[in-house]
Structure formats: C-alpha cells, structure tokens
Amino acid sequence: MITIQNLSKSYKQKKGQIKVIDDINLEVAKGEVFGIIGKSGAGKSTLIKCLNLLERPDSGKIIVDGVDLTAISVNELRIQRQQIGVIFQHFNLLSSKTIFANVALPLTLQGKHNKAEIKTAVDEMLSLVGLSQFANKYPASLSGGQKQRVGIARALITKPKLLLSDEATSALDPQTTNDILELLLEINQRLGITVVLITHELEVVRKICDKVAVIDKGKIIEQGNAFDILLHPKEPLTRKLIIEEESDKYLEKVKHFYQFEKHPNKHILLLSFVGEATYQPILNIISNETNANFSILRGELDRIKHMPFGQLLIEFDGDEGSLEKACSIMRSMKVHFEIVH
C-alpha cells in the first residue's frame with residue numbers, strides 16, 4: 001500500500017540546515033495498522049506529514065497505492081489526497097459549524113455531491129463512530145473523545161484507502177484513549193483501511209498495531225512485527241523505550257516491600273512470553289528440572305493487538321548450573337528473558 005524510498009527532509013535555520021528525516025525506507029502492507037514510535041523531536045510528525053505531502057520532502061519517493069505522490073501535478077495530488085484521511089491531535093474542528101457540517105466538509109469542498117448524497121454519507125459516518133444523535137450540536141458541547149470521533153468521521157467521509165493518525169490520542173484520558181483505539185481497530189477490520197499512526201505511547205502500539213517502526217534523529221533504527229519489537233527489541237534506544245522502562249517500572253513498584261540482596265546465586269529476571277508460551281507453566285517446568293527456587297515479584301497478562309503475551313519479574317535463587325539450565329529451557333520454549341540484576 002505504501003512504499004517510502006530514501007526519504008529525506010531538512011529545514012533551514014540560522015545555524016544552517018537541520019535534517020529532520022534522514023534517508024528513510026519503509027513498506028506498509030494493505031490493511032495493516034502500522035505504528036511509528038519515538039521520542040519528541042525524533043521526526044515522527046514530519047514523516048507522517050510527508051506521507052500526503054503536507055510537507056514536501058527534499059528527496060525520495062512516497063508511493064501510495066502505486067502512485068508516486070512526489071512525481072505528480074498539483075491537481076493530481078489533490079485527487080490522490082481524497083484517498084488519504086487524516087486524524088489530528090487537536091481535532092481541528094470548525095467551532096462555528098455543526099457536527100454534521102464538520103463531517104460533511106470534505107464532500108462539500110469537492111463540489112460534486114448533492115445534498116441527499118452528503119446526508120447519506122454523513123449519517124453513515126456518524127453512525128459508525130456512535131454520534132448520530134449529535135449531528136446538530138456544535139463542537140463546544142462535546143467532550144474530547146467525542147470531538148476526536150467527529151475528526152475520525154470527517155477523515156473517513158471520502159472513503160479513503162489510507163488513514164493517517166497524528167498523535168490522535170495524546171490529548172485524551174486513558175479510558176477515552178482506549179475507546180478511540182477500539183474504534184480505530186474496528187474501522188481497520190470492518191473497512192479494511194490501512195492505518196499509519198505516530199505516537200510516543202507504548203499502549204497505543206500494544207493495543208492496535210500489526211507492525212512498528214522506531215524513529216530516532218530522523219532515522220528508522222528498528223522495525224518489524226509489533227510483538228517482536230515490544231518484547232524483543234534489539235537496538236539500545238528501543239530497549240530503553242520498552243524493556244528497560246518496563247523492568248525499571250516493575251522494580252520501582254516492588255522495592256517498597258521487597259529488599260533484593262545481591263548474591264552470586266541470586267538474580268532478578270524479567271521474562272516475556274507471547275502466543276502459546278503465555279499459557280505454559282514455565283516456572284513449574286524450570287523448577288522441576290533444576291534445583292532453583294523462585295519468588296514472583298510482579299506479573300501481568302495482556303495482548304498485543306490480538307496476540308496474548310505475559311511478563312514476569314522474578315527472583316531466581318540457584319547456582320550457575322541451574323541458571324544455565326533455566327536459560328536453556330526458556331530458549332527452547334521461546335521465552336525471552338532479561339537478567340535485570
């Protein structure tokens with residue numbers, strides 16, 4: 001659906017050129033939910049703006065559904081943009097227009113639909129996002145989550161093939177964020193729309209993404225399936241964003257009631273398991289085959305999109321041979337582990 005080839009973008013500043021996007025290559029398949037994650041200033045927003053040429057890159061190609069957007073005329077680009085919906089962080093609704101008029105705006109601007117066609121399309125979109133009863137209200141009377149649903153309906157009104165989400169949930173509370181993510185997932189599955197979203201929130205990636213790319217200083221440093229990136233990150237920055245952040249969070253939460261004493265035979269391990277391994281009695285198997293003892297300090301079960309996964313923070317008490325045997329068992333069971341301390 002999307003092919004990005006050798007994409008670069010710089011901005012002029014007093015001290016010279018600042019490269020914000022640096023030779024990026026990405027592939028997004030049709031129907032995927034593709035997440036781009038990174039710290040503030042990494043280049044996420046510029047990259048997503050380049051995807052529909054709101055920002056024109058200095059070099060490289062952006063091929064969407066077989067069309068190179070960087071090589072077509074302004075009029076052709078205007079037509080292609082009708083196939084790309086955008087959801088904004090701060091909603092960008094027109095306060096002087098009703099919810100109906102806000103959603104209808106893209107069709108109104110096209111100038112080729114009669115009132116009956118527009119009404120049918122808007123009614124369909126408002127029903128999809130659960131806001132049919134708000135058609136005649138104004139944005140000021142809506143909550144943040146409702147405003148974002150209006151933004152989603154407006155983005156979908158032209159029946160696009162691609163939906164871009166620019167930090168669409170970062171201004172929302174956790175429960176509203178979860179509701180919006182559920183809606184995006186439903187839209188992706190029901191309509192088959194390809195979704196590209198940028199975020200700095202791991203929970204967003206964990207909830208709905210099929211694949212993930214990690215961006216740092218304008219470069220893609222790691223990309224792959226969401227559960228591989230989230231549970232088995234390879235690059236130092238990704239590990240810091242995910243594994244180390246999670247293990248530090250776990251240790252912070254248990255240290256108030258648990259005092260770990262460093263000893264040659266004692267280690268803190270963070271175990272991550274996905275898919276079928278989630279349901280296996282991993283610690284029981286290791287205990288039966290080694291002389292080790294365990295203390296479970298913290299654990300969780302969740303899903304990465306539809307894939308079940310779990311994490312355990314444990315104290316391992318056993319000699320070097322037992323630790324090596326335990327590590328071998330975990331590898332054979334495809335359990336990822338980190339020796340934290």
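What follows is calculated from the coordinates using simple rules that are stated; it is not laboratory data. All figures in this text were calculated on a predicted structure; none of them were measured in a lab. Here the Cβ is made from the backbone with ideal geometry for all residues, glycine too, and neighbour counts use every protein chain on show.
Structure summary
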quantity	calculated
Gain upon complete extension [Ala140, Gln280; 0.36 nm per residue less C-alpha separation]	45.3 nm
Per-residue ³J(HN,Hα) for segment 45-61, Karplus 6.51 cos²θ - 1.76 cosθ + 1.60, θ = phi - 60°, Hz, x for Gly and Pro	5, 5, 4, 5, 5, 5, 5, 10, 6, 5, 10, 8, x, 6, 7, x, 10
Under 18 Å from the Cα of Lys61 - aspartates and glutamates, other chains or at least 8 residues apart	Asp22, Asp23, Glu27, Glu76
Projected-area mean, segment 74-207, by convex hull of Cα positions, square nanometres	8.2
The chain: antiparallel DSSP beta bridges as a percent of all, rounded to 5	70
Calculated diffusion of the chain, Stokes-Einstein form, Kirkwood radius summed over Cα pairs, 20 °C and 1.002 mPa s, µm²/s	96
Fewest-first ranking of Ser272, Ser287, using other Cβ atoms within 10 Å as the exposure measure	Ser287, Ser272
Inter-probe distance in nm under a simple model that places probes 7 Å from Cα toward Cβ, at Ala116 and Asp319	8.7
Residue-averaged [θ]222 nm for the chain, counting only DSSP H segments that reach four residues, each worth -39500 (n - 2.57)	-10500 deg cm²/dmol
Directionally averaged shadow of segment 274-313, computed from the convex hull of its alpha-carbon atoms, nm²	3.0
19 Å Cα-Cα threshold exceeded, pairs from Lys97/Lys119; Lys9/Lys159; Lys49/Lys161; Lys19/Lys211; Lys39/Lys161; Lys49/Lys240	Lys9/Lys159; Lys19/Lys211; Lys39/Lys161; Lys49/Lys240
